[in-house]
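In what follows, a structure is listed as structure tokens, so that the remarks can point back to it.
The values are calculated or read from the model by the stated rules, or taken from the named source; none is laboratory data. Values in this document were obtained by computation on a predicted structure and should not be read as measured data. Positions of Cβ are generated from backbone atoms using ideal geometry, with glycine treated the same way; all protein chains shown enter the neighbour counts.
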Amino acid sequence: MKETFNLALIYGSAREDRFCDTVADWAIKILKTDPDLSVDIIDPAKLDLPSRHVGNAHPGVAELQSVLAEADAFLVVTPEYNHSFTGELKLLIDAAKPEWRRKPLAFVSYGGMSGGLRAVEQLRLVFAELHVVTMRDVVSFANVWDQFDPNGYPIDKAGSEAALKHMVNDLKWWARTLREGRYPQVRAEMPEVTIS
């Protein structure tokens, strides 16, 4: 049986008229062509998370925690606002804890001159505290408004797609490795191979 991974793609913005939809929609189209992946979407605009900690009594928090728990890996599509990431994304991250633990995460970032990389660097610190392994490589779109055509595809379609696929290949390696680490009993039940 072929191994597959549950990938949760997380929107990093909940603003009206956000460019996140364009970037995320492009990434989702590419990810859904990968037979190794099952893609779930987490959108803070649809979850309507509370601004204070209420636990999983809130339906949006309960839904979020359920999807995060089932995920083998995460991909965050994040803008950069004021040299950082969004408040909505921080609310989403803080609404769960054990569901993040010992899983890999990749970034697609976008913004002005920095392409969202300052948001990514700060998010790495947050996710390290949650025992999340972040991928070194990032797919980043600087001056993003000039980087996509009217149909929602990057101007450098081939290069952007290649960069995303390369990063996702690393993400799948980490997803497999960390899943085996989280569930060692699966390996223990496998018959040992002896070489004589």
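Values for this structure:
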{"read-out": "Number of the condition not met by residue 23 [criteria: (1) within 16 Å of residue 100 (Cβ to Cβ); (2) β-branched (Val, Ile, Thr); (3) in a helix (DSSP H, G or I)]", "value": "(1)"}
{"read-out": "Set 78, 4, 33, 86: member being among the hydroxyl-bearing types (Ser, Thr, Tyr) and farther than 18 Å from residue 168 by Cα", "value": "86"}
{"read-out": "The stretch 3-18, residues that are among the polar types (S, T, N, Q) and surrounded by fewer than 23 Cβ atoms within 10 Å (Cβ to Cβ)", "value": "4, 6"}
{"read-out": "Residue match in the stretch 43-60 (condition: within 15 Å of the chain's Cα centre (by Cα) and in contact (Cβ under 8 Å) with a residue 12 or more places away in the chain)", "value": "yes"}
{"read-out": "Count of the stretch 128-153 residues which are in a strand (DSSP E or B) and either among the hydrophobic types (A, V, I, L, M, F, W, C) or over 16 Å from residue 73 (Cα atoms) (or both)", "value": "7"}
{"read-out": "Total residues in the stretch 1-16, condition at pLDDT 95 or above and assigned to a loop (DSSP other than H, G, I, E, B)", "value": "2"}
{"read-out": "Answer residue from the stretch 114-162, given it is polar (S, T, N, Q) and over 19 Å from residue 94 (Cβ atoms) and is nearest to the chain's Cα centre (by Cα) among those", "value": "140"}
{"read-out": "Unique match (being in contact with a His (Cβ under 9 Å, 6 or more places away or on another chain), within 22 Å of residue 20 (Cα to Cα) and among the hydroxyl-bearing types (Ser, Thr, Tyr)) among 109, 114", "value": "114"}
{"read-out": "Which numbered condition residue 158 fails, given (1) surrounded by 12 or more Cβ atoms within 10 Å (Cβ to Cβ); (2) assigned to a helix (DSSP H, G or I)", "value": "(1)"}
